[in-house]
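Read the structure below first, then the notes.
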Amino acid sequence: NPSYNQSYNRSYETIEKLLQKYPTIVCVIDLHRDAIASDSPAATVSVGGKTCAKYSYVVSNAVETYRSNLKFIQALNRTSCSGFTGRILERGYRYNQGLSDKYLLLEIGYNRNDIADCRNTAAYFGKILADTLKAGD
């Protein structure tokens, strides 16, 4: 039973090994489904006739790759489908984001969202990510 409090330390080691093993990796994605304690209704939006969970990016302003990570997130939002953009949340915690200049901490929906809505978002986000990377941003 590894400690939740040490999860970023463990994931740091894993990501570092993967980046060494596969040096052509362009983007690291740390995928989350957020959780909130309130009874707020699920945050959704309709995109292309499908109900999608809203998503956000958490970017660390405490790492040397802050500007490049933020620039990449902004490029993703410019590429978005039908204005379906992610909210950008800046935080002072490192989140292992110093490991890559294209590191995404992506939060798709939260515990009130239906998993199908999160999957719909993931499908749209995959297209946004692919188009952004193809454009060289």
Q: Mind listing the long-range amide H neighbours of residue 59? Cut-off is under 5 Å, sequence gap 5 or more, other chains count too, H placed in the peptide plane at 1.01 Å from N.
A: 89, 90, 91
Q | Gap separating the Cα centres of the range 119-133 and the range 17-43, nearest whole Å | A | 14
Q: Rank these residues by their accessible area, most exposed first, probe 1.4 Å: 13, 107, 90, 64.
A: 64, 13, 90, 107
Q. Counting DSSP beta bridges in the chain, what percent are antiparallel, to the nearest 5?
A. 40
Q: Please turn the phi angles of the range 86-101 into ³J(HN,Hα) values with the Karplus equation 6.51 cos²θ - 1.76 cosθ + 1.60 (θ = phi - 60°), one per residue in order, whole Hz, x for glycine and proline.
A: x, 6, 9, 10, 8, 9, x, 8, 6, 6, 6, 6, x, 6, 8, 8
Q.
If I model a spin label as a point 7 Å beyond the Cα along the Cα-Cβ vector, how far apart are those points for residue 26 and residue 39 in nm?
A. 4.7
Q: Using only the Cα atoms of the range 18-95, build the gyration tensor, take square roots of its eigenvalues as a ≥ b ≥ c, and label the shape rounded, prolate or oblate: rounded if a/c is under 1.5, else prolate if a/b is larger than b/c, else oblate.
A: prolate
Q. Computed from these coordinates, which is semi-axes √(5λ) of the Cα gyration tensor in Å: (i) 24, 15, 14; (ii) 24, 20, 14; (iii) 20, 17, 17?
A. (ii)
Q: Pull up all non-local amide H partners of residue 100: gap of 5 or more, or a different chain, and H-to-H distance under 5 Å with H placed in the peptide plane.
A: none
Q. Of all the accessible heavy-atom surface of the chain, with the other protein chains kept in place and a 1.4 Å probe, what percent is carbon and sulfur?
A. 50
Q.
Please list, in order along the range 109-124, the HN-Hα scalar couplings obtained from phi with the Karplus expression 6.51 cos²θ - 1.76 cosθ + 1.60 (θ = phi - 60°), rounded to whole Hz, x for Gly and Pro.
A. x, 8, 4, 8, 7, 5, 4, 4, 5, 5, 5, 4, 4, 4, 5, 5
Q. Which value, in Å² rounded to 10, gives the accessible area of residue 26 with a 1.4 Å probe and all protein chains present?
A. 80
Q | Extension gain, residue 93 back to residue 9 (0.36 nm per residue minus Cα-Cα distance, nm) | A | 29.0 nm
Q. Just 108, 73, 29 to compare: in a GNM of the chain, with alpha carbon springs under 10 Å, which one fluctuates most?
A. 29
Q: Mind checking which of 75, 136, 116 is farthest towards the positive end of the chain's charge dipole, using Cβ charges of +1 (Lys, Arg) and -1 (Asp, Glu) about the Cα centre?
A: 136
Q: Using a cut-off of 12 Å between beta-carbons, work out the net charge of the residues near residue 132 (Lys and Arg +1, Asp and Glu -1, residue 132 not included).
A: +3
Q: Rank 111, 96, 77 by mean-square fluctuation in a GNM of the chain with C-alpha springs under 10 angstrom and give only the top-ranked residue.
A: 111
Q | Most to least accessible of 21, 127 (protein chains only, probe 1.4 Å) | A | 21, 127
Q) For the chain, modelled as a Gaussian network with Cα springs under 10 Å, which listed residue fluctuates most, 105, 70, 19? A) 19
**Q.** Simple Cβ-charge dipole of the chain, Lys/Arg +1 and Asp/Glu -1, about Cα centre, in debye nearest 20
**A.** 220
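The values are calculated or read from the model by the stated rules, or taken from the named source; none is laboratory data. Because the structure is predicted, anything quoted here is derived from the model rather than measured. Here the Cβ is made from the backbone with ideal geometry for all residues, glycine too, and neighbour counts use every protein chain on show. The protein model used for the area step is the full one, side chains on, heavy atoms only, and it has no ligands, DNA or RNA in it. Shrake-Rupley method; radii C 1.70, N 1.55, O 1.52, S 1.80 Å.
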